[in-house]
Amino acid sequence: MPLEGELFTSPLVVDELADARSRCRFEAFSAAGLQVIAPGRDSIQRVEEVSQKSGDAGVLSAADVEVLALAIEISAEVVSDDFAIQNVAHHLGIPVRPLQQRRAKKRTWRFLCPGCGRYSDRPGECPVCGAVPKRTIK
């Protein structure tokens, strides 16, 4: 699926490019006009708040958060196969286009403690038994 229009990414995504193939693609997109822009702190904070509410905060990388924050600022579509990115984008009202995978459904997660069976809306150690909860669909 070809990408059309202006192309943007964030500095942390560029920092994550590890292999020669990814760097080569980045260079090709740069030559075609790809712009690297750092989003502002307010947009990053908004993404972090929404990802906490949706239950995706624990699975988003800093680069993922930056991409979503940039999409907010420039009113852009996010192109990603990552389900957590797609889910937070849905919660933020950002249009999403998957590349090779199916489109993710909008979800809100909760966390089930395998030790005592209690549910929580936030990730982190269970306050009752100290076990690490598993993410489940709400």
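Brief remarks follow.
- Within the shell defined by Cβ-Cβ distances under 14 Å, the residues around D15 carry a net charge of -3, with Lys and Arg each +1 and Asp and Glu each -1.
- Ordering of 15-26, 61-72, 110-121 by burial proxy (mean other Cβ atoms within 10 Å per residue, highest first): 61-72, 110-121, 15-26
- Full-stretch length increase - T108, R135 - with 0.36 nm per residue and alpha-carbon distance subtracted: 8.7 nm
- Placing R0 at 25 angstrom, the Cβ-Cβ distance between D121 and A38 gives a FRET efficiency of 0.20 after rounding to 0.05.
- Matching label, Cα extents along the principal axes in Å computed from the structure shown, candidates (1) 55, 30, 30; (2) 33, 32, 28; (3) 58, 30, 27: (1)
Any read-out appearing in this document is the output of simple, stated calculations on the displayed coordinates, not a laboratory observation. No experiment lies behind these values; they were computed from the predicted model shown. Note: ideal-geometry Cβ built from the backbone for every residue, glycine included; neighbour counts use all protein chains shown.
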